[in-house]
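Okay, so here's the structure we're looking at.
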Amino acid sequence: MDFLRPASWEEALAAKAEHPTAVPIAGGTDVMVEINFDHRRPEYLMDLNRIGELREWETGADTVRLGASVPYTQIMEHLRAELPGLALASHTVASPQIRNRGGVGGNLGTASPAGDAHPALLASGGAVEAESAARGRRMIPIDAFYTGVKRNALEPDELIRAVHLPKATGPQQFSKVGTRNAMVIAVCAFGIALHPETRTVRTGIGSAAPTPVRAQEAETFLAAALEEGGHWESGAPLPVSVAKQFAQLAAGACNPIDDVRGSAAYRRHAVGVMARRTLGWVWESYRGEGRTAQGGAQCA
């Protein structure tokens, strides 16, 4: 195994063009586990830690440009208001040591359906900024990024430079089922975001299908129910029937498997429970009562 260590973004792109099979590594929290267990043996490893811009972020009027290697700890500490769902998900990532090293770019590159960042990214919306030496930069919508089990839309010579996410204009929440709060791979996870300016709802489901997915029928149903009931304006409590139907539709969006962490039936049930609970939390926050969207991640 050869080790590449570019000193700049341009050098990294050139190295990736020359060695398309090179596996990028920054935090190494996903890749090194696979290598240590001999599940993966790449010909080249490309260390991106000398490229400081990947650990930077920019906050604009409406969006946040998040460098691929910004650690989860920094998201938790500095972007809680702008990206509350992702900040909540970051709290559940492994241990403090791993949160100090790992970043969203690693989750996206690995594209494991169990990655903690994926439900929050899908619920928020946005795009992945990818670049190659030959074709330059392109923006990949997050909805089109996940293409299969641990597969993504990157071309062999592309690297992830950043993620562009809209700043939250409404409450967001995240919930994860696991044997404990941290140091655990999610049995399943659920993210939800209210977007009052467009009167839409977005969701994200992790570890309950071959790829991270949205519960689009549930989103459409809830947005229509909120509109028809005048809830966006009134902030009135949601009918129990609405919450129940939303949960059922969210569970129906799953396509889980049985494995050592949980059965398919349990995952489908747990997603429905998390959908109902997180909907309750974000709606309470929208109404300005009780918990806030930044109050803390919950495990079902």
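Which of the residues that make up the stretch 133-144 are over 18 Å from residue 16 (Cβ atoms) and not aliphatic (A, V, I, L, M)?
Hits for the stretch 133-144 are 141, 143.
If a residue must be modelled with pLDDT of 95 or more and open to solvent by 30 Å² or more (accessible area, probe 1.4 Å), how many such residues does the stretch 150-167 contain?
The number of residues fulfilling the criteria is 9.
Regarding the stretch 11-28, can at least one residue be identified that is acidic (Asp, Glu) and either part of a strand (DSSP E or B) or surrounded by 12 or more Cβ atoms within 10 Å (Cβ to Cβ) (or both)?
Checked the stretch 11-28: at least one residue is acidic (Asp, Glu) and either part of a strand (DSSP E or B) or surrounded by 12 or more Cβ atoms within 10 Å (Cβ to Cβ) (or both).
Among the residues that make up the stretch 231-238, is at least one of them open to solvent by 40 Å² or more (accessible area, probe 1.4 Å) and more than 14 Å from residue 286 (Cβ to Cβ)?
No.
Just for the stretch 244-265: of the residues that are of a type in the set (A, V, I, L, M) and open to solvent by 50 Å² or more (accessible area, probe 1.4 Å), which one is nearest to residue 213 (Cα to Cα)? I'd like the intermediate steps shown before the answer.
At the first step, the residues of the stretch 244-265 found to be of a type in the set (A, V, I, L, M) are 247, 249-251, 253, 257, 260, 264-265.
Within this subset, residues satisfying the condition of being open to solvent by 50 Å² or more (accessible area, probe 1.4 Å) are 257, 260, 265.
On the way: 257: 14, 260: 21, 265: 17 Å.
Applying the filter and picking the extreme gives 257.
Looking at the structure I just gave you, is residue 47 within 20 Å of residue 33 (Cα to Cα) and of a type outside the set (Gly, Ala, Ser)?
Considered against the rule, which asks whether it is within 20 Å of residue 33 (Cα to Cα) and of a type outside the set (Gly, Ala, Ser), residue 47 comes out as yes.
The values are calculated or read from the model by the stated rules, or taken from the named source; none is laboratory data. All figures in this text were calculated on a predicted structure; none of them were measured in a lab. A quick note on method: Cβ atoms are made from the backbone with ideal geometry, for glycine too, and the neighbour counts reach across all protein chains shown. Heads up: the accessible areas ignore ligands, DNA and RNA and are worked out on the full protein's heavy atoms, side chains in. Shrake-Rupley method; radii C 1.70, N 1.55, O 1.52, S 1.80 Å.
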